[in-house]
Amino acid sequence: MIERNTSGLKAHSETKSAKTEKKVNTAIDRLKQDKRPINFNTIAAEAGVSKATLYNHPRSVSYTHLTLP
């Protein structure tokens, strides 16, 4: 059996996820401060990430922050 060293890849992935989560939380804070609508479109635009990223990182977005139409 081939043993693969994936610890570097895992560490990079965890770091990237943490950075994304921080960007999203910062964006939500700015939107709240500016009293702007908070939804996946505005969060993605403010954070500079795609909506797919938000859906793929559900713990980054607390659904309690979302503004209902």
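The values are calculated or read from the model by the stated rules, or taken from the named source; none is laboratory data. Remember, predicted model here, so these are calculated numbers, not experimental data. Neighbour counts run over all protein chains shown; Cβ positions are idealised from the backbone, glycine included. The protein model used for the area step is the full one, side chains on, heavy atoms only, and it has no ligands, DNA or RNA in it. Shrake-Rupley method; radii C 1.70, N 1.55, O 1.52, S 1.80 Å.
Pairs are defined by a Cβ separation below 6 Å, a sequence spacing of at least 6 or placement on different chains, a first member in segment 1-28 that is free of Cβ contacts under 8 Å to residues at least 60 places away in the same chain, and a second member that is among the hydroxyl-bearing types (S, T, Y) and open to solvent by less than 60 Å² (accessible area, probe 1.4 Å); the pairs so defined are E21/S60; V24/S60. In segment 15-42, the qualifying residues are those that are more than 14 Å from R59 (Cβ to Cβ) and among the β-branched types (V, I, T), and the one that is surrounded by the most Cβ atoms within 10 Å (Cβ to Cβ) is I38.
Can you say whether L54 is open to solvent by less than 90 Å² (accessible area, probe 1.4 Å), at pLDDT below 90 and in a helix (DSSP H, G or I), as far as the supplied structure shows? When the stated conditions are applied, L54 passes them.
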